[in-house]
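These notes concern the structure reproduced below.
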Amino acid sequence: MLYLTGEFKVTLDEKGRISLPALLRRCLNESTLFLTEGSDNCLWLYPGSQWNEMINTIMKNTDPFSQKGRNLRRRIIGPSQEVEIDKAGRIPVAASLRDSAGLIKDCVVLGQVDYIEIWDEERYRKFRDQSNDEYNAASEELSLTIKKSRGISD
């Protein structure tokens with residue numbers, strides 16, 4: 001199985017398109033993708049099959065009578081757009097999505113195994129710097145979980 005992984009610098013062109021790196025395109029079995037707002041001020045790009053799973057998960061676990069449920073649906077499902085990879089390997093990014101993620105020119109495309117994140121390069125660097133303590137805490141927590149599953153005590 002191929003996974004969507006890797007960190008790549010790309011440029012948003014004057015028509016609002018970005019080129020998906022060839023390594024990621026090879027992992028995609030579908031030409032139709034779904035682009036939407038993601039957490040942490042980036043965009044999420046999903047292959048159609050993974051997008052269907054995401055939609056099903058959201059719909060099964062949220063409720064339109066709940067403020068949190070409505071907000072989650074509005075932020076992820078509402079702005080989503082179906083996009084296709086053109087012959088040059090590019091996808092269009094709607095102006096509304098570019099604005100929400102602060103995409104201007106220099107971007108980072110980051111594979112996340114089953115989906116792709118698209119970041120403004122400066123926002124991504126700031127996020128990494130500011131979330132370093134959370135990353136270290138999560139690493140320690142994962143270490144404890146692994147040790148516990150293997151019967152290893154600290």
Fill in: helices (runs of 4 or more DSSP H) completely within the range 1-101 that count 2 or more residues being of a type outside the set (Lys, Arg) and either over 21 Å from TYR124 (Cβ atoms) or at pLDDT below 95 (or both)
22-27, 48-61, 67-76
Item to complete: Could you please find all residues in the range 60-77 being in contact (Cβ under 8 Å) with a residue 12 or more places away in the chain and either over 13 Å from LEU97 (Cβ atoms) or out of contact with any strand residue (DSSP E or B) (no Cβ under 6 Å at 6 or more places or on another chain) (or both)?
Response: LEU72, ARG73, ILE77
Worksheet item: If you go through the range 93-123 one residue at a time, how many are buried (at least 17 other Cβ atoms within 10 Å of the Cβ) and either more than 16 Å from the chain's Cα centre (by Cα) or under 15 Å from TYR46 (Cα atoms) (or both)?
Response: 10
Practice prompt. Give the range 3-27 a look and list any residue that's under 14 Å from the mean Cα position of the chain (by Cα) and of a type in the set (Val, Ile, Thr), or say none.
Written response: THR5
Discussion item. When you check LYS68 against the structure, is it in contact with an Asp or Glu (Cβ under 8 Å, 6 or more places away or on another chain), loosely packed, with under 14 Cβ neighbours inside 10 Å, over 22 Å from TYR3 (Cα atoms) and not small (Gly, Ala, Ser), yes or no?
Written reply: no
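The values are calculated or read from the model by the stated rules, or taken from the named source; none is laboratory data. If you're wondering where the values come from, they're calculated on a predicted model, not measured in any experiment. When we count neighbours, we look across all protein chains shown, and the Cβ atoms used for this are built from the backbone with ideal geometry, even at glycine.
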